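Written below as structure tokens is the structure these notes are about.
The values are calculated or read from the model by the stated rules, or taken from the named source; none is laboratory data. Note that the coordinates shown come from a computational prediction; the quantities given were computed from them, not determined experimentally. Every residue, glycine as well, gets a Cβ built from its backbone with ideal geometry; the counts of neighbours run over all protein chains shown.
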Amino acid sequence: QANAQWGGRFAGGPSAIMQEINASIGFDKALWRQDIAGSLAHAAMLARTGIISAQDEAEIRQGLTEIGQEIEAGRFVFSTALEDIHMNIEARLSERIGEAGKRLHTARSRNDQVATDFRLWVRDAIDGLDAQVAALMRALCRRAQEHAADPMPGFTHLQTAQPVTFGHHLMAYVEMLGRDRGRLADTRRRLNECPLGSAALAGTSFPIDRRMTAATLGFDRPTANSLDAVSDRDFALEYLSALSIMGMHLSRLSEEIVIWCSAPFAFVRLSDAFTTGSSIMPQKRNPDAAELVRAKIGRVSGALVGLLTVMKGLPLAYAKDMQEDKEPVFAATDAAALSLAACDGMVRDLAANTDRMRAYAGSGYSTATDLADWLVRVLKLPFRTAHHVTGRLVGLAESRGVDLAQLSLEDMQAEEPGITQDIFSVLTVEASIASRISEGGTAPGNVRAQATRWLTELEGA
Ligand code: ARG
């Protein structure tokens, strides 16, 4: 039997396989709130412009409101034969209110309808994720304040480089997440144009008021080109790109938590609330949440590549390929939201082993740069020369199996006669950290100021 919504020119119905590949209701039912909001705005505009009567609009409004309640309560019966959320709701409306319901689709196509619904959905998702990112940033700032003066080894190549504070390390992620919020905000600003009124692809002959529908739905303005409006999904791609970059940050943080939790490091400990056991090895406490964030972010970047691949070969305007735009966006949103929640939980939960981090912060000749800097500052040696002298002293200490501070003044003077006892004052971890007062450096005062500045900025976010 032919489709009730568009089957006028069809004698027969679709095969079971046709229905299965064609139907999107299984996933696009997630758009129901946006679809109803879009239809309410459209109907109000049709009435205001005299395209439908005020009576029809009142009935449509009543009907759609009740359908929303049915869906909310789980009483709505979704039909695969009706393909998608748009036709499911429209068919139900006609079933409930008759003639008036059949007028709703005047001056509209599913093409501008779905483009509008999807923009609204992504906009809502951005708002939800933005609040989560802000919460994670606040948690990081608080932990950073707590550990603003606690040393840890800073790494490059995962080799001990120079001492930093744990607070400074955590604040690095706050900066990254701050830019992630900026990217989401940019995406939101650019996507906030309303496709409704573009109809199938060419616009419409009805005297519609696109500014009215755009304003009702909280868009800044109507889209400017009807072909573009129904056929581009760059807003979804931009959203997935922003999420992929943010996800990459969450994944790096998670990877660091995995490393920090490992016994050879033992820099942090997660509580029972954020660890799991092994079915065979009774001693195990595994950081599964961190590992799963690392893995789930693969879904986010996978979604970006998947949707780019769907879109890249499509001629204008709408093609049914574009129906496949939603699942990757939904899946990426779920993965990102869960990952943000897990990171927030772990950051709040983790207990820093400050003694252990402090001990390792001073190992591996981590204050060698401070020694070289002393030679430059006090003896006015050129930095390259100071680097060489220090390198020889590191070699000497290494050959004896001692730290730089355990070399004698005579050992030092054999390399560079100008060295005095004062040089030992720069070889401690605390002195090294305290000296890094350059803007953005790791000195505890800097870290506290950064955390405070961010917490103020995040108020109300
Ligand atoms: N379910 C469709 C989608 O998500 C709605 C648009 C259908 N348009 C069409 N011309 N068949 O893309």
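Take the conditions (1) over 22 Å from Phe219 (Cα atoms); (2) in a helix (DSSP H, G or I); (3) away from the ligand (no atom under 11 Å from the Cβ); Trp32 misses just one of them, which is (1).
Each row is one residue, and each column tells you yes or no for (1) at positive phi; (2) modelled with pLDDT of 95 or more; (3) outside any loop (DSSP other than H, G, I, E, B).
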{"residue": "Arg384", "(1), (2), (3)": "no, yes, yes"}
{"residue": "Thr442", "(1), (2), (3)": "no, yes, no"}
{"residue": "Arg448", "(1), (2), (3)": "no, yes, yes"}
{"residue": "Trp454", "(1), (2), (3)": "no, yes, yes"}
{"residue": "Gly460", "(1), (2), (3)": "yes, no, no"}
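Among the residues of region 162-184, is there at least one that is assigned to a loop (DSSP other than H, G, I, E, B), touching a strand residue (DSSP E or B) at 6+ places or on another chain (Cβ under 7 Å) and aliphatic (A, V, I, L, M)? For region 162-184, residues assigned to a loop (DSSP other than H, G, I, E, B), touching a strand residue (DSSP E or B) at 6+ places or on another chain (Cβ under 7 Å) and aliphatic (A, V, I, L, M): absent. If a residue has to be within 18 Å of the chain's Cα centre (by Cα) and closer than 19 Å to Arg110 by Cβ to count, how many in region 287-333 make the cut? Matching residues across region 287-333 total 4. So for region 71-81 (the condition being assigned to a helix (DSSP H, G or I), more than 23 Å from Leu227 (Cβ to Cβ), touching a residue at least 24 places away in the same chain (Cβ under 8 Å) and not hydroxyl-bearing (Ser, Thr, Tyr)), does at least one residue qualify? Yes; the residues of region 71-81 include at least one that is assigned to a helix (DSSP H, G or I), more than 23 Å from Leu227 (Cβ to Cβ), touching a residue at least 24 places away in the same chain (Cβ under 8 Å) and not hydroxyl-bearing (Ser, Thr, Tyr). The single condition among (1) surrounded by 18 or more Cβ atoms within 10 Å (Cβ to Cβ); (2) part of a helix (DSSP H, G or I) that Tyr365 does not satisfy is (2). Condition check: of a type in the set (S, T, N, Q) and closer than 21 Å to Ala342 by Cα. Does Gln132 satisfy that? Against the criterion (of a type in the set (S, T, N, Q) and closer than 21 Å to Ala342 by Cα), Gln132 qualifies.
Any chance region 53-62 includes a residue that's part of a helix (DSSP H, G or I), touching a residue at least 60 places away in the same chain (Cβ under 8 Å), surrounded by fewer than 22 Cβ atoms within 10 Å (Cβ to Cβ) and away from the ligand (no atom under 16 Å from the Cβ)? No, because not a single residue in region 53-62 is part of a helix (DSSP H, G or I), touching a residue at least 60 places away in the same chain (Cβ under 8 Å), surrounded by fewer than 22 Cβ atoms within 10 Å (Cβ to Cβ) and away from the ligand (no atom under 16 Å from the Cβ). Out of all the residues in region 434-442, is one or more aliphatic (A, V, I, L, M) and in contact (Cβ under 8 Å) with a residue 12 or more places away in the chain? No; the residues of region 434-442 include none that is aliphatic (A, V, I, L, M) and in contact (Cβ under 8 Å) with a residue 12 or more places away in the chain.
Taking the criterion of being in a helix (DSSP H, G or I) and either in contact with a Phe, Trp or Tyr (Cβ under 9 Å, 6 or more places away or on another chain) or acidic (Asp, Glu) (or both), the residues of region 349-362 that qualify are Asp349, Thr354, Asp355, Arg356, Met357, Tyr360.
Out of the residues in region 397-416 meeting the condition of being of a type outside the set (Gly, Ala, Ser) and either touching a residue at least 60 places away in the same chain (Cβ under 8 Å) or assigned to a loop (DSSP other than H, G, I, E, B) (or both), tell me which one is nearest to Thr367 (Cα to Cα).
To start, the set of residues in region 397-416 that are of a type outside the set (Gly, Ala, Ser) comprises 398, 400, 402-404, 406-407, 409-413, 415-416.
From what is left, the residues that are either touching a residue at least 60 places away in the same chain (Cβ under 8 Å) or assigned to a loop (DSSP other than H, G, I, E, B) (or both) are 402-403, 407, 416.
Numbers: Val402: 13, Asp403: 10, Leu407: 13, Glu416: 18 Å.
Filtering first and then ranking leaves Asp403.
Restricted to region 94-111, and to residues that are closer than 29 Å to Ala229 by Cβ and surrounded by fewer than 17 Cβ atoms within 10 Å (Cβ to Cβ), which residue is farthest from the ligand (Cβ to nearest atom)? Only one residue tops the list, namely Lys102. The residues listed here are Val305, Val394; of these, the one that is β-branched (Val, Ile, Thr), touching a residue at least 12 places away in the same chain (Cβ under 8 Å), out of contact with any His (no Cβ under 6 Å at 6 or more places or on another chain) and on the phi < 0 side of the Ramachandran plot is Val394. Considering region 224-270, and only residues there that are of a type in the set (S, T, N, Q) and under 26 Å from the mean Cα position of the chain (by Cα), the residue that is surrounded by the fewest Cβ atoms within 10 Å (Cβ to Cβ) turns out to be Ser241.
Have a look at Ala368, Ala331 and point out the one that is of a type in the set (Gly, Ala, Ser), within 16 Å of the ligand (Cβ to nearest atom) and either under 30 Å from Gln421 (Cα atoms) or out of contact with any Asp or Glu (no Cβ under 9 Å at 6 or more places or on another chain) (or both). Only one candidate passes the filter, namely Ala331. Can you work out which of the residues in region 317-328 that are near the ligand (Cβ under 7 Å from one of its atoms) and touching a Ser or Thr at 6+ places or on another chain (Cβ under 9 Å) is farthest from Leu201 (Cα to Cα)? Only one residue tops the list, namely Lys326.
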